[in-house]
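These notes are about the structure you will find just below.
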Amino acid sequence: MKLEDVPERLPAYVYDLRGLAEHVASVRTALGPTELYYAAKANPDAEILRTVAPHVDGVEVSSGGELTHVRETLPHTPLAFGGPGKTDDELALAQRHADRIHVESPRELSRLSALGPADVLLRANLPFRTPGAALAMSGPFGMDEDALAECARRIPETGLTLRGVHAHLASGLGAPAMLDLAARIVDWALPFLKDHGVDDPEINIGGGMAVDYASPAARFDWETYGRGLPTGARLRVEPGRALTAYHGWYVTDVLDVKTTRGDTYAVLRGGTHHLRTPATKGHDHPFEVLTSDEAPTTAASLVGQLCTPKDVFATDVPVPPLAPGDIIAFTMAGAYAWNISHHDFLMHPKPTFHYLR
Ligand SMILES: *Cc1c(COP(=O)(O)O)cnc(C)c1O
């Protein structure tokens, strides 16, 4: 991010759409025959969706709101609809507009089949351990082997078409661990789908490719991943964070710098009601000081304007000397950033949005 790209009104979100398009295109190439869907919940900004769309095979949506928004923004892109706790209205919307519906329970299967025909994947909750994962997506998500078998047995009487299996089991893993997980999912899914007479089986192995906020230059190794993925099925992945995280910045300026009982704070315009990522992940959010070329000489905590001690972007991190007016760009703010934040808390102004093309 360069100083001349900084908008006049701060705080601002700045999205590098050209860089994003190049990144997603390179992921698409690395994946070879594996289909790439974008998980819209990472960042459903319409400009982001339009930038990503030409380089993906489809978009995964997880609510009626996302489905409606993505369908309006991208009228012709294939959609997969998933998520636990679907209402009847959402199922009806998905039955009309989604190309694939990921079924989460036997009861949901019955409710969906009452609405008419649809192409479904059964969401599997498989007992594979994923050491090192940031999140293990077990618990309420998907079905165990008994419930999966019950659904597969019942589908021929329902008017639904079983196309395959969906398994998003963990997030935050690197390529070798993700490949290991993919192999185990496919080894389980192929015989299961064959037993239930599925030709041309589809296996959606989910998203969750690692994004390391402590190493902003590191990237998930898509080449190794693409080369090592199993064959024998129509494979699909649906990453969100690893596609859009790197091409967004939250840019703001310093309002005050003070030292209280030995601790130095830089108080910034805005806060975690705009960029909640460090609060949810519990990390120091990576940043650059755009107005300084100096090396860090001191340490400070970067905090926002909210009246809560939780409004912290980074704690006691190395910084150059800071003064009011200095401009800070938080990097890696393109995913799970603005759209997961509690915008209305304290009624401060919203950030502005800028798109580099
Ligand atoms: C959130 C989610 C994704 C995307 O996860 P990332 O960590 O952003 O890659 C994909 N599939 C499902 C089912 C999800 O819930």
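Subtracting the Cα-Cα distance of Asp200 and Glu72 from their residue separation scaled by 0.36 nm leaves 43.1 nm.
When all protein chains stay in place and ligands, DNA and RNA are ignored, the 1.4 Å accessible-area order of Glu288, Glu35, Glu22, largest first, is Glu22, Glu288, Glu35. With the simple model of a label 7 Å out from the Cα in the direction of the Cβ, Tyr213 to Lys310 spans 1.4 nm. Amide H contacts under 5 Å for Arg219: none, restricted to partners 5 or more places along the chain or on a different chain, H placed in the peptide plane at 1.01 Å from N.
Inter-part distance, segment 138-161 to segment 225-264, computed on C-alpha centroids, equals 34 Å.
For the chain, with only Lys/Arg (+1) and Asp/Glu (-1) charged at the beta-carbon, what is the dipole magnitude about the Cα centre, in debye rounded to 20? List each step's numbers first, then the result.
Working: 32 positive and 45 negative charges, 56 e Å.
Approximately 260 debye in magnitude.
Equivalent ellipsoid of segment 217-261: semi-axes from √(5λ) of the C-alpha gyration tensor, largest first, are 42, 12, 9 Å. Probing with 1.4 Å while keeping every protein chain in the model, the per residue accessible area of the chain equals 43 Å². Treating the angle as unsigned and between 0 and 90°, give the value, to the nearest 10°, between the Cα long axis of helix 88-97 and the longest Cα principal axis of the chain. Here the helix axis deviates by roughly 80 degrees.
Applying D = kT/(6 pi eta Rh) to the chain, where Rh is the Kirkwood radius over alpha-carbon pairs, T corresponds to 37 °C and eta to 0.692 mPa s, the Stokes-Einstein value obtained is 152 µm²/s. Diffusion coefficient (Stokes-Einstein, Kirkwood radius over C-alpha pairs, 25 °C, 0.890 mPa s) for segment 78-239: 151 µm²/s, rounded to a whole number.
Charged neighbours of Thr297, selected by a Cβ distance under 15 Å, balance to -4 (K, R count +1; D, E count -1).
Highest GNM mean-square fluctuation among Gly174, Gly325, Gly82, for the chain modelled with Cα contacts below 10 Å: Gly325. Computed from the C-beta positions of Asp293 and Phe128 and an R0 of 56 Å, the FRET efficiency is 0.70 to the nearest 0.05.
Computed over segment 78-239, relative contact order equals 20 percent, with contacts defined as Cα pairs under 8 Å that lie 6+ residues apart.
Charges at C-beta only: +1 for Lys and Arg, -1 for Asp and Glu. How large is the resulting dipole of segment 78-239 about its Cα centre, in Debye rounded to 20? Walk me through the numbers on the way to the answer.
On the way: 16 positive and 22 negative charges, 20 e Å.
The calculation lands at about 100 debye.
With springs only between Cα atoms under 10 Å, which of Glu223, Glu157, Glu90 fluctuates most in a Gaussian network model of the chain? Residue with maximal mean-square fluctuation among Glu223, Glu157, Glu90: Glu157. Bridges between two residues of the chain, per DSSP, are antiparallel at a rate of about 40%.
Phi angles of segment 233-248 translate, via the Karplus equation with coefficients 6.51, -1.76, 1.60 and θ = phi - 60°, into HN-Hα couplings of 8, 7, 8, 9, 10, 9, x, x, 3, 5, 8, 10, 4, 7, 10, x Hz per residue; Gly and Pro are given as x.
How far apart, in nanometres, would the label points at Arg9 and Thr224 be if each is projected 7 angstrom from Cα along the Cα-to-Cβ direction? Spacing of the two 7 Å Cα→Cβ label points: 4.5 nm. Helix content alone sets the calculated 222 nm mean residue ellipticity of the chain: runs of n ≥ 4 DSSP H residues at -39500 (n - 2.57) each, divided across all residues, give -8000 deg cm²/dmol. For the pair Asp99 and Thr260, the difference between a 0.36 nm per residue extended length and the Cα-Cα distance amounts to 52.3 nm.
The values are calculated or read from the model by the stated rules, or taken from the named source; none is laboratory data. The structure displayed is predicted, hence computed values, not measured ones. No Cβ is skipped: glycine too gets one built from the backbone with ideal geometry, and neighbour counts run over all protein chains shown. Note: accessible area is taken over every heavy atom of the protein model, side chains too, but ligands, DNA and RNA are not part of it. Shrake-Rupley method; radii C 1.70, N 1.55, O 1.52, S 1.80 Å.
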